[in-house]
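The values are calculated or read from the model by the stated rules, or taken from the named source; none is laboratory data. The shown structure was predicted, so the numbers you read here are calculated from the model rather than taken from an experiment. Positions of Cβ are backbone-derived with ideal geometry, glycine not excepted, and every protein chain shown enters the neighbour counts.
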Amino acid sequence: MLQPDRETRVEWTKTVTAFVEDFIEGLEAAPASSPGTAFLSPPPAETPGELAELLATFGTAASQAVETAGPRYLAYFPSGGLYSSVLAEFLAQATNRYTGVASTAPALVALEHSVIRWMCDLFDLPDGSGGIFTTGASLATLSALHTARQDRLGAHDPNGTIYVTAQTHHCVAKAAHITGFAPERIRVVPMDAHLRMDVGQAQAMITEDRVNGLKPFLIVGTAGATSTGIVDPLNDIATLAAREDLWFHADGAYGAAFQLTDRGRATLDGITRADSIAWDPHKSLFLPFGTGVLLVRDEAKLRAAHVADGDYLQDLDHGTGLPDYADLGPELTREYRGLRVWLPLHLHGVAAFREALDEKLDLARHLRTELTTIDGIEVLPSGLTVVVFRGTDSERLLKDINGSGRFFVSSTRLDGKFTVRMCVLSHRTHREHVDEVIDLVRRWRA
Ligand SMILES: *Cc1c(COP(=O)(O)O)cnc(C)c1O
């Protein structure tokens, strides 16, 4: 019963594929968001159900949502979810290989490792660098913070202090909380007029904290802030970190992928000096949610912070020369996440990703420029593909844009004031969509 015959499997796959095709073709016309009320599924019955019926239930549930996969989703960080990645996931789950320890599937681990190596090379990380695919940047940051603590403080030291800015993503505070640091051990460094870390102030705070018996050990530079897309002065932060012997973590959850482009590489100057980099392929490589990565300058430090053993693992061979991913992160049994990055990169070629990212940079610049020409709209400084602005009544403006059903955008607070925020990042978003949203704002009246 749990192993359907070939005919049934083919039939099921056909049914699901047809559903997916209709879904993808419908994205261009689909409403940007559809209201819904959570309806409860009955508990699973003792007897078998019908796939078509269950798929209809899923379809109804999936349609009552913000259309995050569509071309008019400009909120938070859009990522359409490349179809090639979906197929990779199907293959990975169907073969269901164990890749926590390399010896049980060495060639597959080598495939995954080749992507990590390519990523390390993109950031000019040296021999001995490495990393691991995670579910997202939050988990990558947790592992980075834990590794930094082990490396710089030796063990847990409640006096360890971490330097961030008010624009740093909350995953750093969350990771610090989980790893046992009191909230006051997170030191919020003032920013300059462009919302970038004021590195001179960071130096002053570190010096003063040392005098007061605290143990500065980690500084976080953001490579593309969530609210604004703005990049911290990473090079200056790297210099400060080297001088003060701090671990330098670069949060490139959103921005790291722009290293593939010439403009991005210039903007991210200094990221190559980081001790660790968090990066979300489920943002700026257009992959489905659940795909993050942590890169580290020294893989041995990541291993030292995570390795563990048990008698039940004594049969496993650790001598393959490949990374045993179970030793590099909190998970023992893990998904084979590498394939959903490997297949798209090989199938489409790296140039396709570079061109798509360049297109998004152009579109964001176009959006910024055009919004500036609209009466009553104040465009604020932003970076990469994020655009932030205010209208005469920004909250109404946001409501009206989302109420149109054509677009879904989000907001943030800058200088304590409500600010509309758009991000162009989906591989499905093109010039015509951006022109349409510009038109919507142009025609808007408070
Ligand atoms: C999205 C984001 C995160 C958190 O990443 P998740 O993948 O959602 O866990 C961290 N930092 C920045 C700058 C982000 O934009």
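Here are the numbers for this structure:
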| quantity | calculated |
| --- | --- |
| Region 152-164: number of residues that are surrounded by 22 or more Cβ atoms within 10 Å (Cβ to Cβ) and either under 24 Å from the mean Cα position of the chain (by Cα) or free of Cβ contacts under 8 Å to residues at least 40 places away in the same chain (or both) | 3 |
| Residues satisfying the stated conditions in region 1-56, i.e. under 18 Å from Gly80 (Cα atoms), free of Cβ contacts under 8 Å to residues at least 60 places away in the same chain and in a helix (DSSP H, G or I) | Thr17, Phe19, Glu21, Asp22, Phe23, Ile24, Glu25, Gly26 |
| Selection within region 134-162 - out of contact with any Leu (no Cβ under 7 Å at 6 or more places or on another chain) and within 16 Å of the ligand (Cβ to nearest atom) | Thr135, Gly136, Ala137, Ser138, Leu139, Thr141, Leu142, His146 |
| Elements of type helices (runs of 4 or more DSSP H) contained in region 237-311, each with 3 or more residues being surrounded by 24 or more Cβ atoms within 10 Å (Cβ to Cβ) and within 16 Å of the ligand (Cβ to nearest atom) | 281-284 |
| Residues (charged (D, E, K, R) and under 30 Å from Ser84 (Cβ atoms)) located in region 388-442 | Arg406, Arg421, Arg428, Arg431, Glu432, Asp435, Glu436 |
| Unique match (being surrounded by 12 or more Cβ atoms within 10 Å (Cβ to Cβ) and either of a type outside the set (S, T, N, Q) or more than 16 Å from the ligand (Cβ to nearest atom) (or both)) among Phe39, Phe58 | Phe58 |
| Region 211-235: number of residues that are in a loop (DSSP other than H, G, I, E, B) and either near the ligand (Cβ under 10 Å from one of its atoms) or buried (at least 22 other Cβ atoms within 10 Å of the Cβ) (or both) | 8 |
| Pairs, first of a type in the set (A, V, I, L, M) in region 126-149, second modelled with pLDDT of 95 or more and within 9 Å of the ligand (Cβ to nearest atom), C-beta under 6 Å, six or more apart | Ala137/Ala253; Ala137/Ala278; Ala137/Asp280; Ala137/Gly292; Ala140/Thr134; Ala140/Ala278; Ala140/Gly292 |
| Pair list, Cβ under 7 Å, 6 or more apart: region 338-355 residue more than 14 Å from Asp280 (Cα to Cα), other residue of a type in the set (D, E, K, R) | Trp342/Glu112 |
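Each row is one residue, and each column tells you yes or no for (1) in contact with a Lys or Arg (Cβ under 9 Å, 6 or more places away or on another chain); (2) assigned to a helix (DSSP H, G or I); (3) crowded, with 22+ Cβ neighbours inside 10 Å.
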{"site": "Arg340", "(1), (2), (3)": "no, yes, yes"}
{"site": "Glu370", "(1), (2), (3)": "yes, yes, no"}
{"site": "Val379", "(1), (2), (3)": "yes, no, no"}
{"site": "Ser382", "(1), (2), (3)": "yes, no, yes"}
{"site": "Val387", "(1), (2), (3)": "yes, no, yes"}
{"site": "Val420", "(1), (2), (3)": "yes, no, yes"}
{"site": "Leu425", "(1), (2), (3)": "yes, no, yes"}
{"site": "Glu432", "(1), (2), (3)": "no, yes, no"}
